[in-house]
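**Student:** Before I ask anything, here is the structure I am working with.
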Amino acid sequence: MEAGFIWNVAAETMPREELRALQSQRLAALVRRVYEHVPFYRQRMDAHGVTPASVQSLDDLPLLPFTRKQDLRDNYPFGLLAVPREQVARIQASSGTRGKLTVAAYTHDDISDWAECCARAIALAGGRPGDVLQCAYGYGLFTGGLGLHYGGERFGATVIPMSGGNTLRQVMMLRDLQSHILCCTPSYALIIGEILEKEGLTTADIALRVGIFGAEPWTEEMRTEIEARLGLRATDIYGLTEVVGPGVANECCVARNGLHIAEDFFLAEVIDPETGAPVPDGTYGELVFTTLTKQAMPVVRYRTGDISAILPGECICGRTTRRMARLRGRYDDMLILHGVNVYPSEIEATLLGFEEIAPFYQIVLDWNGRTETIAVQAEMTSAYAVDAVDADVRMLSEQIARLLKSRFDLTMQVSLHQPGELGRVEVGKAVRVIDRRRSG
Ligand code: DLL
């Protein structure tokens, strides 16, 4: 495997000491800026007895109070702006599951820095300038489409702004324009793969080499499936609207062992969600980000709710930036079923361990009047479904239910479905869990 192309050698291979000095200097400047311009941060810091002068280096970071999603909601839409509204060049937003949007604001410089982060991500993933990049993340308020679009242009790719949905047309463009890079959610990559097959096409008809997949949790098992269907090398991209959007971190295609964080822009911490104390490298906890350069709406020690770890050691790709582990999920995704904590991604990994099962599944939680019930619905692969008789399907579902029981100590009703029977989400993030426990 070649060492891989690094987009910004100076920033991405900077000696750690130098990076630390840069981060310290940027942190101190950020704290001065938000103290002066954002009443919310000033009041919080005053309440904690922190002055801008007390934050001079990374060592002082723990002095600063955390910022939470609720703080963003309370200051909706423009309460956290650190520049006059007239200097805001763009608004993006994330829909979230409850109520109001989470709004992010960008100056022209912020948009430029974001494009830089996404250009790095494309290089990390194995892109080469001149590649055709098909951007099938949603365009609009969601950050996926425009983020990778600007990144692709900065990178020197030929960008096709497909947005999500209209999968037949996606496949047509993949074939006719011979796209090299596909950017979309992992669940949508599978749907594209499915339509490719339905159209009687194979990986030989397309030219995909690189996949940049993120915005939702996915597993190694899912990666294997996507790579088989699309004939590319898939990497994981991470980001969130509050911090910037995609491009906060991306796996390198060389090692694919953790996602390199753009640390000159984003300061990452992992904390114990109960105590707020930092956890050692290698230990999972809640990811916290501070934006070091953002002008319009910086965040200070923003608690993401995402579960990851900082990986110890250096990467073989030559970058010096620290890596975060593939997300384990979000604390609020965790299901508590009969007192057992389960993440949907763990159920996914179990299901996809069976070669007869296709990567389309749903977990339905309900209440039967006495107790909560857990139903796992999964599709069979067409190769298996075509010959399987009822008895085979029954045996297979029992086998899966037994494995789930042994892994989680929970009884789950497993039902297997014909290919295509479960719904497909072509636009936006996959819905893996349907919770009817409170509505029914
Ligand atoms: O999902 C930004 C994005 C766009 C990332 C395109 C990657 C690619 P939001 O809509 O604000 O922004 O959602 C952010 O999505 O806090 C995570 O919980 C989840 N998430 C993002 N990337 C990943 C990933 C975009 N690679 C929230 N794996 C985050 C798992 C992810 N979850």
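**Student:** Calculate, for Ile316 and Ser94, the FRET efficiency according to 1/(1 + (r/R0)^6) with r their C-beta to C-beta distance and R0 35 Å; round to the nearest 0.05.
**Tutor:** E(calc), rounded to 0.05, equals 0.55.
**Student:** Still on this structure: For Ala207, list long-range residues whose amide hydrogen, built 1.01 Å from N in the peptide plane, is under 5 Å from its own amide hydrogen.
**Tutor:** Ser179
**Student:** For a label point 7 Å from the Cα of His37 along Cα→C-beta, name the residues of segment 299-342 whose backbone N is under 15 Å from it.
**Tutor:** Within reach of a label on His37, which here means backbone N under 15 Å from a point 7 Å along Cα→Cβ, segment 299-342 contributes 299-300.
**Student:** Which residue fluctuates most in the GNM of the chain (Cα springs below 10 Å): Ser397, Ser406, Ser308?
**Tutor:** Sorting by GNM fluctuation, first place goes to Ser406.
**Student:** Using each residue's phi in segment 359-369, evaluate 6.51 cos²θ - 1.76 cosθ + 1.60 at θ = phi - 60° and report the 3J(HN,Hα) Karplus result to the nearest Hz, with x for Gly and Pro.
**Tutor:** Coupling constants for segment 359-369: x, 10, 8, 8, 10, 10, 9, 8, 9, 9, x Hz.
**Student:** Ordered by packing density, taken as the mean number of other Cβ atoms within 10 Å over each peptide's residues, highest first, how do 219-227, 21-29, 338-346 rank?
**Tutor:** Result, highest mean Cβ count within 10 Å first: 219-227, 21-29, 338-346.
**Student:** Using Cα pairs under 8 angstrom and six or more residues apart, how large is the relative contact order of the chain, in percent?
**Tutor:** Relative CO of the chain lands at 14 percent.
**Student:** Run the numbers for Lys405 and Phe5: contour at 0.36 nm per residue of separation, minus the present Cα-Cα distance, in nm. Please list the in-between numbers first.
**Tutor:** Details: separation 400, 0.36 × 400 = 144.00 nm, distance 4.51 nm.
Additional length available on full extension: 139.5 nm.
**Student:** If R0 is 56 Å, what FRET efficiency do you get for Arg128 and Asn368 from their C-beta distance, rounded to 0.05?
**Tutor:** Values: r = 55 Å, r/R0 = 0.99.
So the FRET efficiency works out to roughly 0.50.
**Student:** All other residues with a Cβ under 14 Å from the Cβ of Asp131 taken together, and with Lys, Arg as +1 and Asp, Glu as -1, what is their net charge?
**Tutor:** Neighbourhood net charge equals +3.
**Student:** Continuing with the same structure: What shape does segment 371-440 take by its C-alpha gyration tensor, where a ≥ b ≥ c are the square roots of the eigenvalues and a/c under 1.5 counts as rounded, a/b above b/c as prolate, and the rest as oblate? Mind dumping the intermediate values first?
**Tutor:** Working: a/c = 2.22, a/b = 1.13, b/c = 1.97.
Judged from the Cα gyration tensor, segment 371-440 comes out oblate (a/c at least 1.5, b/c at or above a/b).
**Student:** Which stretch or stretches of segment 122-140 have amide N atoms under 12 Å from the point lying 7 Å from Leu201's Cα along the Cα→Cβ direction?
**Tutor:** Of the residues in segment 122-140, none has backbone N under 12 Å from the label point off Leu201.
**Student:** Expressed in nm to one decimal, what extension gain is obtained for the pair Ala228 and Ser415 from 0.36 nm per residue of sequence separation less their Cα-Cα distance?
**Tutor:** Contour length minus Cα-Cα distance gives 64.8 nm.
**Student:** Ok, one more. Taking every DSSP beta bridge with both residues inside the chain, roughly what % is antiparallel (nearest 5)?
**Tutor:** Antiparallel: roughly 60 percent of the beta bridges in the chain.
**Student:** Per residue of segment 336-352, what does 6.51 cos²θ - 1.76 cosθ + 1.60 with θ = phi - 60° give for ³J(HN,Hα)? Whole Hz please, x for Gly and Pro, Karplus curve as stated.
**Tutor:** 10, 10, 6, x, 9, 8, 9, 9, x, 5, 6, 5, 4, 4, 5, 4, 6
**Student:** Here is a follow-up. List the lysines whose Cα sits under 29 Å from the Cα of Lys69, skipping any in the same chain fewer than 8 residues away.
**Tutor:** Within the straight-line limit of under 29 Å, Lys69 reaches these lysines: Lys100, Lys294, Lys429.
**Student:** Full extension from Leu58 to Thr13: what is 0.36 nm times the residue separation minus their Cα-Cα distance, to one decimal in nm?
**Tutor:** My answer for the length gained is 14.3 nm.
**Student:** Next question, about the same structure. Under a plain spin-label model, where a point goes 7 Å from the Cα along Cα-to-Cβ, how far apart in nm are Thr51 and Asn257?
**Tutor:** 4.7 nm
**Student:** With labels modelled as points extended 7 Å from the Cα through the Cβ direction, what inter-label distance (nm, one decimal) is found for Ala375 paired with Asp281?
**Tutor:** 4.8 nm
Bear in mind that the values in this text are calculations on the coordinates, not laboratory data. All values reported here derive from a predicted model rather than from experimental measurement. In this analysis, Cβ positions are derived from the backbone assuming ideal geometry, glycine residues included, and neighbour counts consider all displayed protein chains.
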